[in-house]
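Coordinate-derived values only; no laboratory data. Since we're looking at a predicted model, the values are computed, not measured. Positions of Cβ are backbone-derived with ideal geometry, glycine not excepted, and every protein chain shown enters the neighbour counts.
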Amino acid sequence: MNRASTGPIALVEAAYNLELGPAEWLPNLVRAGGSILDLGQGCAATLWAGTSGSGEPLVSQLHAENGPPDLAMRFARAVREVDPNLARATPVPVEPGVHTLAKSKGRHPEAHDALTKHVGCKDMLALWATDSEHHGVGIHIPSATVIEPSRKDRERWHMLSVHIAAGHHLRRRLAQTPRGTPVTQIPLDAVALLDPKHFSVAEAAGEAKNHRALDEIRRAAIGVDLARARLRNGETCEALRLWDGVLRGRWSIVDWFDTDGRRFILALANAPHIRDPRGLTEREYQVATHVGAGESSKLVAYRLGVSRSRVSELLHRAMRKLGVETTGQLVMKMRTLLVESASKL
């Protein structure tokens, strides 16, 4: 079995591991995804834990894997060398995404020079899985050559960062839940709770109450189960096909055990979604929803891991289907559609 090809699967499953303790989760995450999180010089992962009273991001854990023994210290020396004012001007990203160090040289030459000098690399892939409150994970993968990811590569890295951020969010929610709390409702901000024996939906909330959504959730859960079976049997290509559909789909499927050790499956919504009779595609749904919420095309492109020109193209098509000509009209139309959608649940 090719470990590099199954690396994304291992990384996602490690992201949603709710059983490991706080000190074990990050190292296990990096080790699980080692085949894709190492470009020959190892990688360093940082666990961010919100902000201080003065608003500066806080680091709760730093873990380096592979690479030289002092890789973590090399990163620390690079950070110390960078002007503190520059560090404050380039905060931790507040949305999942992927960036390369070489591409940021023009904007932040000091940071680029410090990292390449101390880490001993020519470029670096930065995978950010953080939220608006600066909680989450940053993974930095140094490289001896300039990294030029394709559009497909960027999309895959972006999806992985979204899943890592979702897994970390789940763990935070779990930590805030008192031990011994009985299962009286769907836990951890999930939208559905499934019985793994028959993949039947025991509980559903919000948009998951819709029959079409419930069918999608069941198919996603069955797809994850089949993919795991294919991996165990050495059927890597088929497993990857099944998992790729899950990664790109609307739902994250997570194993969860209650306080009695009983196994359940949680379904979490991955992206904004509306149901509209005008036939918008999933990408058109997403772009229209984000723009309709007042976000800029630049931010939407960043969220979805696509180019701004692609966002403009999708937005134009969505507006034409929705019969609106201005952004203001789109905002009103989206509000109406979302209200109508919610009323059908």
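For region 162-171, backbone phi angles converted through the Karplus equation (6.51, -1.76, 1.60; θ = phi - 60°) give residue-by-residue couplings of 5, 5, 5, 4, 5, x, 5, 4, 4, 5 Hz, Gly and Pro being listed as x.
A protection proxy built from the mean count of other Cβ atoms within 10 Å ranks the segments 132-140, 15-23, 97-105, most packed first, as 132-140, 97-105, 15-23.
Take the Cα of Arg263, step 7 Å toward its Cβ, do the same at Glu56, and the gap between the two points is 4.6 nm. For region 50-61, 3J(HN,Hα) computed residue by residue from phi via the Karplus equation (6.51, -1.76, 1.60; θ = phi - 60°) reads x, 10, 7, x, 8, x, 8, x, 10, 9, 9, 7 Hz, glycine and proline entered as x.
Annotation: amide H-H contacts under 5 Å for Thr100 (H modelled 1.01 Å from N, sequence separation of 5 or more, or interchain): Ala126. Every Cα-Cα pair of region 3-173 was included, and the share exceeding 21 Å stands at 44 percent. Summary of the geometry: region 132-146 and region 7-52, compared by the centres of their Cα atoms, lie 11 Å apart. Annotation: amide H of Gly50 within the under-5 Å range of Leu58, His135, Gly136, sequence separation 5 or more or interchain, hydrogens built in the peptide plane. For a straight C-alpha distance cut-off of 26 angstrom, the lysines reachable from Lys197 (same-chain residues fewer than eight places away being disregarded) are Lys209. Each label point was placed 7 Å from the Cα along the Cα-to-Cβ direction; for Ala23 and Asp189 their separation is 2.7 nm.
Proximity of backbone amide H atoms, modeled 1.01 Å from N, is registered between Asp123 and Ser143, Thr145 at under 5 Å, excluding neighbours fewer than 5 places apart on the same chain. Extension gain, Glu81 to Glu133: 0.36 nm times the residue separation minus the Cα-Cα distance gives 16.1 nm. When the C-alpha to C-alpha distance is required to be over 25 Å, the pairs from Lys105/Lys152; Lys152/Lys298; Lys122/Lys152; Lys117/Lys152; Lys103/Lys298; Lys103/Lys152 that qualify are Lys117/Lys152.
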